[in-house]
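The values are calculated or read from the model by the stated rules, or taken from the named source; none is laboratory data. A quick note: this is a predicted structure, and the numbers were derived from the prediction, not measured. When we count neighbours, we look across all protein chains shown, and the Cβ atoms used for this are built from the backbone with ideal geometry, even at glycine. Surface areas here come from the heavy atoms of the whole protein model, side chains and all, with no ligands, DNA or RNA. Shrake-Rupley method; radii C 1.70, N 1.55, O 1.52, S 1.80 Å.
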Amino acid sequence: MARIAAVLALLAVALVPLLALAAESAPLAPFTLHYEVLRNGKPLGEATLSLTPVEGETWEFLSHTRGTHGLALLAGAEIIERSEFRWHAGRPELLQYSFSQDVAFKRKQRAMTRSGARIDSVDGQRTHDLPFEAGVMDRNSVVLAIGADLARGAPDEMRYRVADREAVEWQRYRRAASEQVDTPAGRFDAIRVERIRENPGRTTTTWIAASLGHVPVRSVQREADGEIIEMRLLRQP
C-alpha cells in the first residue's frame, strides 16, 4: 500500500505542470462561479459553473443547478450537465456530454459520445447516430465558445455547429451592445449577446464580463408562455 501511495503521489506531481501548460494555452482560464437562479423574479435555486483542465488536451465544463426555494426545494430538483472537450481552433470540440435532471423522484438523462467520425447520442430510451465534424460542440459548452470568441474580438454575428439529441445544427448569436449589469456580486461592464432564433417567442440573452475572463455574469431566458428564468452571479471568484 505504501508503494502504491508513493507512485500515485509521484503521478500527481507529474500531472501538475501538464495541467498548467494546458491552462496557459487555452483561450479561457479555469474558473468556478456561483449563481442565483430566479423564476419570474423569485428565488428558485443556485447554480455552479466550473471549467477545469483534466489531462493532456482534455477539459471539463460542469454546470450544476439545484433547487433551494419553494417547490424546487421540496421536489429535490437537481440538474447536472457535464461537457468533456478539447479546444479546437479556439473553441470547444465535443468529446463527451451528459445531462441528468432529477425532480420529485423522476429522472431524465441524455448523453453523447464522440466515436471516430460519428457521435453516439442517447436520449432516454432513444438512440441516434449523428455525424461528427471538426468543431462540433454540445449545447452546454456554447457559452465557452462565445466567451472565447469575444476575447479575441468576435464579429457581430457568431455561428456554431451544435450537437443536441437528434441532430447537429447551427446556432447563431449576435453581439448586441456593451452595457453595465447589476448582480449580487456587483456591477460589471459586460457585452450583451443574444441568440438568434427562428421562433421569436423564445429569447436567450447572456451578459459576458471581460474583467472576469469573458465569463457570464447574467443570463435571461424568456419562454413563449411568458415564463422567465434568470441567472445572476452571486459573488466574485
Go through segment 219-236 residue by residue and tally those that are farther than 16 Å from residue 51 by Cα and either open to solvent by 60 Å² or more (accessible area, probe 1.4 Å) or of a type in the set (A, V, I, L, M, F, W, C) (or both). 10
Looking only at segment 219-234, count how many residues are among the small types (Gly, Ala, Ser), more than 18 Å from residue 142 (Cα to Cα) and in a strand (DSSP E or B). 0
From the list 107, 139, 152, 126, exactly one residue is of a type outside the set (Val, Ile, Thr), open to solvent by 20 Å² or more (accessible area, probe 1.4 Å) and within 14 Å of the chain's Cα centre (by Cα). Which is it? 139
Could you list all residues from segment 185-218 that are among the acidic types (Asp, Glu) and either in a loop (DSSP other than H, G, I, E, B) or closer than 22 Å to residue 50 by Cβ (or both)? 198
Quick check on my filter: what residues within segment 110-129 are closer than 23 Å to residue 47 by Cβ and modelled with pLDDT of 95 or more? 110, 111, 112
Give all pairs with beta carbons closer than 9 Å in which a residue from segment 217-237 that is on the phi > 0 side of the Ramachandran plot meets a residue that is part of a loop (DSSP other than H, G, I, E, B) and open to solvent by 50 Å² or more (accessible area, probe 1.4 Å); count only pairs at least 6 apart in sequence or on separate chains. 226/40
Got a sec? Which of 197, 187, 192 is free of Cβ contacts under 8 Å to residues at least 12 places away in the same chain, over 26 Å from residue 98 (Cβ atoms) and open to solvent by 50 Å² or more (accessible area, probe 1.4 Å)? 187
Residue under evaluation residue 161, criteria (1) in contact with a Phe, Trp or Tyr (Cβ under 7 Å, 6 or more places away or on another chain); (2) more than 29 Å from residue 123 (Cα to Cα), criterion not met: (2)
Within segment 46-61, is there a residue that is at pLDDT below 95, crowded, with 20+ Cβ neighbours inside 10 Å and part of a strand (DSSP E or B)? no
All positions within segment 57-84 that are among the acidic types (Asp, Glu) and touching a Gly at 6+ places or on another chain (Cβ under 8 Å): 78
Quick check on segment 71-89: of everything there that is modelled with pLDDT under 95 and open to solvent by less than 50 Å² (accessible area, probe 1.4 Å), which residue is farthest from residue 140 (Cα to Cα)? 75
Inside segment 110-119, the number of residues satisfying the requirement of being in contact with an Asp or Glu (Cβ under 7 Å, 6 or more places away or on another chain) and either open to solvent by 80 Å² or more (accessible area, probe 1.4 Å) or not polar (S, T, N, Q) (or both) is 3
What number of residues within segment 155-171 satisfy the criterion of being in contact with an Asp or Glu (Cβ under 7 Å, 6 or more places away or on another chain) and open to solvent by 80 Å² or more (accessible area, probe 1.4 Å)? 1
